[in-house]
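First comes the structure, then the notes that go with it.
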Amino acid sequence: MSQTHHLPRILVIDGDLDAIESARFALWRSQLPCQFDWFDDAELANASLLTQALCHSKDLPALILLDPRSCFGTEGYELLRTLCVYQQLAQIPLVLFTAAPMSADFAQEQDSRIWYAAKPVRTADYMDVVTQCVQQRLHHPATL
């Protein structure tokens with residue numbers, strides 16, 4: 001069995017392939033101990049996560065980063081609904097990138113399972129936000 005099966009799985013769901021690659025590179029550069037997975041199609045992500053939940057998979061993500069606005073039509077919001085409705089998926093911490101977040105400093109303002117964060121336009125800033133989200137999840141899982 002590969003070592004990646006023991007690492008926390010971080011799942012990025014974003015219709016923007018550049019954002020996915022930036023997130024992957026940010027986590028690689030930060031050397032955080034995690035496995036990186038992604039979907040650029042919210043409908044496929046929804047089907048995959050729902051299948052894992054219904055099969056009681058032990059390989060669910062430790063954290064999901066989702067930008068529902070970048071997904072086709074309402075698929076991102078349908079995925080968000082699935083993540084909230086199904087009990088096994090409702091346990092997974094979620095970072096929801098929004099156009100107008102309640103707070104740009106998600107970590108200090110929120111302690112629920114769902115964090116809201118602004119998705120910065122600058123790639124370097126986005127990479128910093130992704131790294132910060134994952135670091136907090138890996139080092140302080142109880143705060144999610």
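Students often get this wrong: which residues of the range 50-77 have the backbone nitrogen under 15 Å from the point 7 angstrom along Cα-to-C-beta of L7? The answer is 61-63, whose backbone nitrogens lie closer than 15 Å to the label point.
Relative to the current alpha-carbon distance between H139 and F72, full extension at 0.36 nm per residue lengthens the span by 20.8 nm.
Scalar couplings 3J(HN,Hα) for the range 122-133, obtained by applying the Karplus form with A = 6.51, B = -1.76, C = 1.60 to θ = phi - 60°, are 6, 4, 4, 5, 4, 4, 5, 5, 4, 4, 4, 4 Hz; x denotes Gly and Pro.
A straight chain from Q91 to K58 at 0.36 nm per residue would run longer than the Cα-Cα distance by 10.6 nm. Close amide H partners of V12, meaning residues 5 or more places away or on another chain with modelled amide H under 5 Å apart, are D37, W38, F39, L65.
Every read-out reported here was derived from the displayed coordinates using simple, explicitly stated rules and does not represent laboratory data. Please read these numbers as outputs of a predicted model, since none were measured by experiment. Using ideal geometry, Cβ is built from the backbone for each residue, glycine included, and neighbour counts are taken over all protein chains shown.
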